[in-house]
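Following: one structure in structure tokens, then a few remarks.
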Amino acid sequence: MKMLFSASKCAFYAAAWEESYRAAGNWPNDLIVLSDSQYKEFSKQPPPDKLLGVENGKPAWVSQPQLTENEIIAKNVSKKMQLLAEAKSVISIWQTRLLVDRICEKDKAKLYAWLDYIDALEAMDTSETGSINWPDLPVA
């Protein structure tokens, strides 16, 4: 299949679908024809720390841009919220058993370990833009 690349859209287009793209108003004016090897190279998973970009109008692996301070903080907050939600999901049944006095000592120890983990997460300062040392998951 003949594949094309648009530098302005940083996207691939199948030549066979030109009519559909044009009908939808999505056919760029800067398309170039790619060789099979070019398409295979740049349509696969990018190397670590790279993403699909454009160099001299052609597809290329480019370095990922550095995150801004606000993006790093938002990423940290999101990760903290995700870890807290997962931990709370893990302990929910143990909490119920504890409330109705149907928890064994082994599960009580697990619950306490997970509560300690939650406490450690909640105490974390996610406004740091450097490397954060996230607490380890409980072993128990």
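The values are calculated or read from the model by the stated rules, or taken from the named source; none is laboratory data. Please read these numbers as outputs of a predicted model, since none were measured by experiment. Using ideal geometry, Cβ is built from the backbone for each residue, glycine included, and neighbour counts are taken over all protein chains shown. Calculation scope for accessible area: heavy atoms of the full protein, side chains included, ligands and nucleic acids excluded. Shrake-Rupley method; radii C 1.70, N 1.55, O 1.52, S 1.80 Å.
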Within the under-15-Å Cβ sphere about ALA16, not counting ALA16, Lys/Arg +1 and Asp/Glu -1 give a net charge of -1
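Ignoring ligands, DNA and RNA, what accessible area per residue does the range 9-50 give at 1.4 Å, in Å²?
Accessible surface, normalised per residue, equals 74 Å².
Under unit Cβ charges (Lys, Arg +1; Asp, Glu -1), what dipole magnitude, rounded to 20 debye, does the range 1-77 have relative to its Cα centre?
140
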For the chain, the longest principal axis of the Cα atoms and the Cα long axis of helix 105-122 enclose an angle in degrees, to the nearest 10, of 50
Run the helix sum for the chain: -39,500 (n - 2.57) per DSSP H stretch of 4+ residues, divided by residue count, reported at 222 nm to the nearest 500 deg cm²/dmol. -14500 deg cm²/dmol
Regarding the chain, what's the average projected area of the Cα-atom convex hull, expressed in nm²? 14.1
Taking a cut-off of 23 Å between Cα atoms, list the lysines near LYS75, but don't count ones fewer than 8 places away on the same chain. LYS50, LYS88
In the chain, carbon and sulfur make up what percent of the accessible area (probe 1.4 Å)? 51
Rounded tilt (10° steps) of 69-99 against the dominant C-alpha axis of the chain: 40
Suppose all protein chains stay in the model; what accessible area per residue would a 1.4 Å probe give for the range 80-126, in Å²? 66
Linear extension gain, LEU137 paired with ALA16, 0.36 nm per residue minus alpha-carbon span: 38.5 nm
How do ASP116, ASP136 rank by accessible surface area computed with a 1.4 Å probe, from largest to smallest? ASP136, ASP116
What fraction, in whole percent, of alpha-carbon pairs in the range 1-61 exceed 13 Å separation? 60
Selection from MET124, LEU67, GLY53 lying farthest towards where the dipole of the range 44-134 points positive, charges on Cβ: GLY53
